[in-house]
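One structure is given here, and the rest of the page talks about it.
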Amino acid sequence: MIRPEILDALLEAGASAEMIVAAVKAATCAEEAKRGERRAKDAARQRRVRGTRAVAAESHAARVTPRDGTDAPPKDINSNPPSPRSSNEDLAPLAGKLATAWNEGPAKAGALPCRGVNPGRKTALRARLREHGEAALFEAVRNLGTSEFHCGANPRGWKASLGWLLGNGEAFQRMLELTPSETDRRPPMSPEEQLASVERSAALLERMGRGDEAAEFRRTAEKLRRQSSTGGE
């Protein structure tokens, strides 16, 4: 197809209708010729690909040798080594101990009880175990049990779960860095401090683009303001 700017140039030059029709036909023929060349190149490329695949298939078939009697599995079942246990099975004892430690520590302090370690939690457990080691798992659980905030003493009443701790690498790191003795000595937040903390959380969530959660924090902040203005009634 002839370009519009070429048509404009022909018209400005005073070209007749016959000249414009001839130019359009010439452009169409040239475009058809180009498409024909592209189709021919594509067809040639496809033939080369099919030929390469055929050669590779023949080469693979030539390397495969037929099975004979020596390839048959032994008939004695005892001669076959036992299949290795899955990684989830290997983690089962550790997962059980960790769930018990959670229920005896953070859950009694107010966190959500652990009702089992499902495959998703085992995957997260494997990641934390690979990053920090087994001792750190129990240390993080113990430290979380001393955090009143993570055990429900926060403006929203939110409570941590074992799945949350294992599935959140940054939160797990913070629990390892938490000093229980400092947490025990920390005085409870005043209403003004709670309000400031909730407003900071709302602002942070808004910057992260999490509008729904930010709105929930804003509503909590408004409740705290009303409680403060009425003297906690």
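A short reminder: the numbers here are calculations on the coordinates, not readings from a lab. Nothing here was measured: the structure is a model prediction, and the numbers come from that model. Every residue, glycine among them, receives a Cβ derived from its backbone with ideal geometry; neighbour counts consider all protein chains shown.
Simple point charges give the picture: +1 on the Cβ of Lys and Arg, -1 on the Cβ of Asp and Glu, and for segment 88-188 a dipole about the Cα centre of about 300 debye. Computed extension gain for Glu206 through Asp42, at 0.36 nm per residue and net of the alpha carbon distance, reaches 53.8 nm. Using θ = phi - 60° in the Karplus curve 6.51 cos²θ - 1.76 cosθ + 1.60, the 3J(HN,Hα) couplings for segment 128-135 round to 5, 5, 5, 7, 10, x, 5, 4 Hz; x is entered for Gly and Pro. For Lys97, the lysines whose Cα falls under 24 Å of its own Cα, not counting residues fewer than eight places away in the same chain, are Lys108, Lys122, Lys159. Ignoring lysines fewer than eight residues from Lys34 along the same chain, the ones with Cα atoms less than 18 angstrom from its Cα are Lys25.
Just name one of Gly96, Gly163, Gln173: the one whose Cα is farthest towards the positive end of the charge dipole of segment 88-188 (beta-carbon charges, Lys/Arg +1, Asp/Glu -1). Looking along the dipole axis, the top candidate is Gly163.
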